[in-house]
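Colleague: Dropping the structure in here first, questions after.
FYI, it's all coordinate maths here, none of it is from the lab. Note that the structure is predicted; figures quoted are calculated from it, not measured. So basically every Cβ, Gly included, is an ideal-geometry build from the backbone, and we count neighbours across all protein chains shown.
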Amino acid sequence: MTEIRALLLAAGLGTRLRPYTEDLPKCLMPVARRPLLEHWLCILHRQNVPKVLINTHHHSNLVTEFLGRKPFQGWVDEVYEKKLLGTGGTLQSNWQYFSDSTTLLIHSDNWCQCDFGGYLRYHMLERPAHTVMTMMTFDTEFPEASGIVELDKNGVVISFYEKPVRPKSNLANAAVYILEPEIIHTLAAGPEVVDFSTEVIPNYLGRIATWKNRGIHRDIGAIDSLIAVQSDPMPEHCWSKKDDWLVNYQRNPVVRKIGSLRFEHRWR
């Protein structure tokens, strides 16, 4: 079986989360007083993903300090982007890291709780044979702000509408993908791309399988959504022991403020 590697996209500016992102990058926003990025790494650790690449840009020094912690040594790598390359550009520029692997491409500003092992098994063992990608989907409350998919009878994407004015459904792209090496090799040989959703996905319509997240999926890129996440059921931590980094992180004013907003939100 082909090795699975993951790219966690974590370089975004987080403009919708200002003023919080003036002090912390979006990927380190707290969910139950731990960084969102730690929750994603926990998911990948539980699935025995052996190599993870994380791109950084905004407050990259803080992300580097976070990744220097003992649990992430030896399997999590970092690549700094002086200029943001985009969701497709980051994958394309680091294609050699993934060239011989099945690749998980994950927008790490999403809060995702589901049977992630089931998602991987579906791609490896159950997806239609002619497909080269599996897209996670979910039912969204805000289809006008999402990428909406249309499927055939086998659950394969036949149409994709990015933030449609008149959505045909509320079945949305969760921005979590599993890619076969063919896609990586095509990106390596092809013209420069920036955005994965608009420049890569359209080239594979009819060859994209889907797996529906029936658990929790939220974009934490807006303040209201970030606050709402704090009241969701929380998984058990992979690394329960507090180190000096986590102690200092939990003292951060942004972490404390979002924690206090959680309780205000619950009692509205």
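Colleague: Out of S60, S99, S240, any idea which swings most in a Gaussian network model of the chain, alpha carbons joined below 10 Å?
Modeller: With Cα springs under 10 Å in the chain, the top fluctuation among S60, S99, S240 is at S240.
Colleague: Got a sec? Charge dipole of the range 1-160, +1 on Cβ for Lys and Arg, -1 for Asp and Glu; which of C27, T15, L120 is way out at the positive end?
Modeller: Farthest along the dipole direction, towards plus: C27.
Colleague: Name the longest site-free stretch of the chain, where the excluded sites are GluC sites (Glu not before Pro) in a DSSP loop with no more than 15 other beta-carbon atoms within 10 Å.
Modeller: Result, exposed sites excluded: 4-140.
Colleague: Then there is this: Determine the dipole magnitude for the chain: charges of +1 sit on the beta-carbon of Lys and Arg, -1 on that of Asp and Glu, nothing else is charged, the reference point is the Cα centre, and the result goes in debye to the nearest 20.
Modeller: Value, rounded to 20: 820 debye.
Colleague: How much FRET efficiency would the formula 1/(1 + (r/R0)^6) give for E162 and L84, where r is the Cβ-Cβ distance and R0 is 22 Å, rounded to 0.05?
Modeller: 0.75
Colleague: Pulled fully out, how much extra length does the chain show between A145 and D224, if you take 0.36 nm times their separation in residues and subtract their Cα-Cα distance?
Modeller: The A145-D224 span can extend by a further 27.0 nm.
Colleague: Which whole-Hz couplings ³J(HN,Hα) result when phi for each residue of the range 66-73 is put into the Karplus expression 6.51 cos²θ - 1.76 cosθ + 1.60, θ = phi - 60°, listed in order with x for Gly and Pro?
Modeller: 4, 6, x, 5, 4, x, 9, 6
Colleague: Going toward the positive end of the dipole of the chain, with +1 on Lys and Arg Cβ and -1 on Asp and Glu Cβ, which of A175, H45, T102 do you reach last?
Modeller: It is H45, whose Cα lies furthest towards the positive end.
Colleague: What is the dipole size for the range 1-142, taken about its Cα centre, with +1 at each Lys and Arg Cβ and -1 at each Asp and Glu Cβ, in debye to the nearest 20?
Modeller: Dipole about the Cα centre, nearest 20: 200 debye.
Colleague: Compute the angle between helix 253-266 and the longest alpha-carbon principal axis of the chain, please, reported from 0 to 90 degrees and rounded to the nearest 10.
Modeller: Once rounded, one gets 80 degrees.
Colleague: What residues have an amide H closer than 5 Å to that of T137, excluding those fewer than 5 places away on the same chain, when H is modeled at 1.01 Å from N in the peptide plane?
Modeller: Excluding prolines and chain starts, which carry no amide H, the hits are A174, W211, K212, N213.
Colleague: Additional query: Can you tell me how much longer the chain between A189 and E65 gets when fully stretched, taken as 0.36 nm per residue apart minus their C-alpha distance, in nm with one decimal?
Modeller: 41.2 nm
Colleague: May I pose another question? What Cys residues in the chain have no fellow cysteine's beta-carbon under 4.7 angstrom?
Modeller: So far as the 4.7 Å Cβ criterion goes, C27, C112, C114 stand without a partner in the chain.
Colleague: Moving on to the next point. Work out the charge dipole of the range 171-215 with +1 on the Cβ of Lys and Arg and -1 on the Cβ of Asp and Glu about the Cα centre, then indicate which of L187, T198, W211 is farthest towards its positive end.
Modeller: So the residue furthest toward the plus end is W211.
Colleague: Provide the per-residue ³J(HN,Hα) series for the range 117-129, in order, calculated from phi with Karplus coefficients 6.51, -1.76, 1.60 and θ = phi - 60°, each as a whole number of Hz, with x at glycine and proline positions.
Modeller: For the range 117-129, the Karplus curve yields x, x, 4, 5, 5, 4, 5, 6, 10, 10, 5, x, 4 Hz.
Colleague: Also, I was wondering about something else. Return the sequence-ordered ³J(HN,Hα) values of the range 24-41 in whole Hz as given by the Karplus equation 6.51 cos²θ - 1.76 cosθ + 1.60 applied to θ = phi - 60°, using x for Gly and Pro.
Modeller: Per-residue couplings from phi come out as 10, x, 4, 5, 9, 4, x, 10, 6, 6, 10, x, 3, 4, 5, 4, 5, 5 Hz.
Colleague: Kindly provide the helix-only [θ] at 222 nm of the chain, computed as the sum of -39,500 (n - 2.57) over DSSP H runs of four or more divided by all residues, to the nearest 500 deg cm²/dmol?
Modeller: Taking each H run of at least 4 residues, the total per residue is -7500 deg cm²/dmol.
Colleague: Per 0.36 nm of contour for each residue apart, how much would the distance between D232 and V247 grow if the chain were fully extended, relative to their Cα-Cα spacing?
Modeller: Extra length from D232 to V247 when fully extended: 3.1 nm.
Colleague: Cut-off is 10 Å between beta-carbons; in what order do I184, I43, I223 appear when sorted fewest neighbours first?
Modeller: Arranged by neighbour count, lowest to highest, I184, I43, I223 become I223, I43, I184.
Colleague: Could you please rank F196, F72, placing first whichever residue has the fewest other Cβ atoms within 10 Å of its Cβ?
Modeller: The order, fewest Cβ neighbours first, is F72, F196.
Colleague: OK, next. Quick one, which of (i) 1.50; (ii) 0.98; (iii) 1.06 is the actual Cα Rg over 2.2 N^0.38 Å calculated for this model?
Modeller: From the options (i) 1.50; (ii) 0.98; (iii) 1.06, the structure gives (ii).
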